[in-house]
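Please read the structure below before turning to the comments.
Taken together, the values in this text are just the output of simple stated rules run on the coordinates, not laboratory data. In this text the structure is predicted, and so the values were computed from the model without any measurement. We place every Cβ from the backbone using ideal geometry, glycine too, and count neighbours over all the protein chains shown.
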Number of protein chains: 2
Amino acid sequence: MRSKAVPDIVISRLPLYLRTLSHLAAEGKTITSSQELGQRLGLSSAQIRKDLSHFGEFGKQGTGYDIEFLQQQLKKILKVDRRRDVCLIGAGDLGHAIVLHHEMLEERGFHLVAVFDHNPRKIGKTIGHLEVIDSEAMPTIIRDQGIQIAIIAVPARSAQSVADTLVEAGIRAILSYAPITLNVPEGVQVQYIDPVIHLQHMTYYL
Amino acid sequence: MRSKAVPDIVISRLPLYLRTLSHLAAEGKTITSSQELGQRLGLSSAQIRKDLSHFGEFGKQGTGYDIEFLQQQLKKILKVDRRRDVCLIGAGDLGHAIVLHHEMLEERGFHLVAVFDHNPRKIGKTIGHLEVIDSEAMPTIIRDQGIQIAIIAVPARSAQSVADTLVEAGIRAILSYAPITLNVPEGVQVQYIDPVIHLQHMTYYL
């Protein structure tokens with residue numbers, strides 16, 4: 001099912017395939033094709049067939065892909081076939097928006113179990129379904145609950161020390177909204193969300 | 001200064017170089033090297049020299065890069081050496097967070113000039129420095145002010161029709177937070193922010 005040799009760029013596209021399959025299923029479709037997926041994603045059908053071929057045989061020539069089956073297989077490959085607990089650090093405006101939109105995470109395999117902040121005025125306050133917990137308790141809770149994934153929504157100046165604490169506590173994957181590049185040990189995954197990076201990338205072409 | 005032949009993957013890294021240079025300048029440094037930039041960004045120094053070489057000669061062997069000069073040059077290349085007006089569509093939780101953090105945009109070349117929503121309960125309300133404007137007025141305002149860049153923060157079900165209206169009004173670059181792939185005409189740039197795509201990408205490696 002898996003091969004260590006699959007290029008990361010291929011892995012990066014699998015969540016997009018999964019998302020598009022969910023949309024097709026929501027439209028009532030049960031079968032799709034590499035052509036249809038390609039159209040939706042702005043990729044060639046050959047690219048999609050090649051990407052999926054790294055993991056096995058998911059469709060038959062002429063009959064296309066069974067959407068539900070391909071969804072299941074992609075979830076297995078991406079290891080989101082079980083619920084993944086996620087914690088959030090930072091209960092500011094951005095943290096608020098993330099908690100209030102947590103159903104976007106829930107629907108797609110992630111369960112937001114805790115939100116931490118060090119600001120005494122925020123600790124104990126309720127956002128959506130969660131109460132803001134003192135960051136001091138963060139390492140213990142992460143260890144006790146075996147949380148592997150964290151979202152960082154703190155200012156740039158605190159992001160590296162938060163990341164250090166998270167990694168020390170056992171976090172293996174970090175999604176950071178802070179606009180700095182984090183230093184983490186080998187084996188810890190980090191991805192970034194920085195809207196300005198995307199905006200500046202696009203202005204090049206204006 | 002520019003060449004059409006520069007691969008998009010190179011362009012995508014330039015904003016990261018610019019961001020890192022700002023951090024180095026904020027630390028009081030005036031000179032840097034491809035080694036230092038590489039360390040901060042998790043890239044090889046050869047990669048950085050190669051990327052920059054597409055645009056000219058920015059440093060001297062042995063003396064490194066003048067940070068302020070390289071910042072200026074990268075801003076010119078990315079066309080963020082002048083202020084770029086941006087409008088936002090969607091005044092929900094996410095839209096709120098974006099407006100309240102607008103200084104993150106301002107500092108890096110983008111000026112948030114308008115926020116639109118179609119919800120009568122939101123229209124006229126003030127978020128930070130902006131009053132929420134009826135989406136009906138959007139095409140006129142975009143045309144009159146010559147806005148080229150838009151951020152979409154509306155639910156997935158409305159995102160495509162919002163994008164169609166934006167493109168029709170003259171928007172050339174869209175940053176979308178809606179978890180769907182948008183169809184836009186050739187020549188219109190689109191980039192996406194979908195945290196789940198990043199999370200699922202990382203869980204593969206857990």
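Inter-chain neighbour count for B:185-197: the average number of beta-carbon atoms from partner chains within 10 Å of each residue's beta-carbon is 5. Here the protein assembly as shown carries DSSP beta bridges of which approximately 20% are antiparallel, counting only pairs with both residues inside. Near A:Leu112, once Lys and Arg are set to +1 and Asp and Glu to -1 for all other residues with Cβ below 9 Å from its Cβ, the sum equals -2. In a simple Cβ point-charge model (Lys, Arg +1; Asp, Glu -1; nothing else charged), the stretch A:64-156 has a dipole of about 180 debye relative to its Cα centre. Computed over chain A, relative contact order equals 13 percent, with contacts defined as Cα pairs under 8 Å that lie 6+ residues apart.
Put simply, the C-alpha atoms of the stretch B:8-77 give a gyration tensor, and the ellipsoid matching it has half-axes of 16, 13, 13 Å, longest first.
Residue pairs exceeding 31 angstrom between C-alpha atoms, taken from A:Lys75/B:Lys75; A:Lys125/B:Lys75; A:Lys75/A:Lys122; A:Lys125/B:Lys125; A:Lys76/A:Lys122: A:Lys75/B:Lys75; A:Lys125/B:Lys75; A:Lys75/A:Lys122; A:Lys76/A:Lys122. Database remark: amide H of A:Ile151 closer than 5 angstrom to the amide H of A:Cys87, A:Leu88, A:Ile89, A:Leu175 (H placed geometrically; neighbours at sequence offset of 5 or more, or on other chains; Pro and chain starts carry no H). Sorting the segments B:85-91, A:49-55, A:198-204 by their mean number of nearby beta carbons within 10 angstrom, highest to lowest, gives B:85-91, A:198-204, A:49-55. Per-residue packing, averaged as other Cβ atoms within 10 Å, sorts the ranges B:145-152, B:171-178, A:167-174 into the order B:171-178, B:145-152, A:167-174, beginning with the highest.
PRE reach from A:Lys29 (point 7 Å along Cα→Cβ): which of the stretch A:57-87 fall under 19 Å by backbone N? Residues A:58-75 qualify, since their backbone N sits under 19 Å from the label point. Counting Lys and Arg as +1 and Asp and Glu as -1 over every other residue whose Cβ lies under 10 Å from the Cβ of B:Val10, the net charge comes to 0. Since only B:Gln47, B:Leu112, B:Leu100 are under comparison, the one whose Cα sits farthest along the positive direction of the charge dipole of the stretch B:43-138, derived from C-beta charges on Lys, Arg, Asp and Glu, is B:Gln47. Taking amide hydrogens as placed 1.01 Å from N in the peptide plane, the amide H of A:Val190 sits under 5 Å from those of A:Ile174, each at least 5 positions away in sequence or on another chain. Our summary of shape: the Cα atoms of the stretch B:44-140 have principal axis extents of 61, 25, 20 Å, ordered from largest down, in whole angstrom. For the residues of A:86-92, the average number of beta carbons from a partner chain within 10 Å of their own beta carbon is 1.
Between copies, the label points of A:Gly187, set 7 Å from Cα on the Cα→Cβ line, lie 5.3 nm apart, reported in increasing order to one decimal in nanometres. Chain A residue nearest the rotation axis toward B, with distance: A:Ala97, 2 (Cβ to axis, whole Å). Amide H contacts for A:His118 (H built 1.01 Å from N in the peptide plane; partners 5 or more residues away or on another chain; cut-off under 5 Å): A:Ser135. If you run the Gaussian network model on chain A, springs between alpha carbon atoms under 10 Å, then out of A:Pro195, A:Pro155, A:Pro120 the most flexible one is A:Pro195.
Please identify the helices of chain A, taking whole runs of DSSP H, that span at least 27 Å along their own axis as judged from the Cα atoms and have a mean Kyte-Doolittle score of -1.0 or higher.
Answer set is A:8-26.
The stretch B:147-205 and the stretch A:77-118 have Cα centres lying 21 Å from one another.
Other residues whose C-beta falls under 9 angstrom from the C-beta of A:Gly92 contribute a net charge of -1, scoring Lys and Arg +1 and Asp and Glu -1. Summarising the overall dimensions of the stretch B:84-197 from its C-alpha atoms, the Rg and Dmax are 12.9, 36 angstrom. The GluC sites (Glu not before Pro) of the stretch A:1-81 that meet both conditions, a loop assignment by DSSP and at most 13 other Cβ atoms within 10 Å of the site Cβ, are A:Glu27, A:Glu57.
Placing +1 on the Cβ of every Lys and Arg and -1 on the Cβ of every Asp and Glu, with nothing else charged, gives chain B a dipole about its Cα centre of roughly 540 debye. Across all directions, the shadow cast by the convex hull of the protein assembly as shown built on its C-alpha atoms averages 21.3 square nanometres.
Per residue, the convex hull spanned by the Cα atoms of chain A amounts to 152 cubic angstrom.
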